[in-house]
Amino acid sequence: MSSEHNPPADGRQRCEAAPVGITVIEHLAALADHALEGVQNFDNTRRAIAAVEAVWLFAGRAGLNRQEEAETAIADLLCNLMHLCRQTGITDEGRPFSSLLETAGHNYSDELAFDF
């Protein structure tokens with residue numbers, strides 16, 4: 001069934017964006033060193049640049065750096081982080097990975113509110 005006939009419950013319009021190619025991540029990662037030179041304040045743009053470097057490094061190591069959507073590399077990175085957290089005891093039955101995502105969501109909201 002099409003989303004056009006089933007709008008979200010909150011009444012907002014759905015936006016179907018085109019997938020972002022992994023080459024966008026590659027290009028941004030290539031600019032990262034220059035963009036971070038002499039950084040004094042670690043604002044949200046610089047946080048995103050640090051993340052893009054991590055995603056690009058992971059994509060290369062995982063063989064996802066060619067003809068993949070960026071979303072695939074990010075989802076696989078999250079999956080592998082889940083394995084890492086479980087194997088090192090960062091997460092367990094009492095502290096699931098979703099609790100880390102919840103903390104990250106709170107941090108993200110705070111950083112959006114205070115990014116100048």
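We did not get these values from a lab; they are worked out from the coordinates using the rules stated. Just so we're clear, the structure is a prediction, and the values are computed from it rather than from any experiment. Heads up, the Cβs are rebuilt from the backbone with ideal geometry, glycines too, and the neighbour counts pull from every protein chain shown.
Summary of values
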item: Using a Förster distance of 30 Å, the FRET efficiency for residue 31-residue 95 (Cβ separation, nearest 0.05); result: 0.25
item: Hull volume in cubic angstrom per residue (convex hull over the Cα atoms of region 32-116); result: 127
item: Taking 24, 52 and counting other C-beta atoms within 10 Å, the order from fewest to most; result: 24, 52
item: Relative packing of peptides 70-83, 98-111 - highest average C-beta neighbours within 10 Å first; result: 70-83, 98-111
item: Residue list for region 62-90, given a label point 7 angstrom along the Cα-to-Cβ vector of residue 103 and an amide N cut-off under 20 Å; result: 77-90
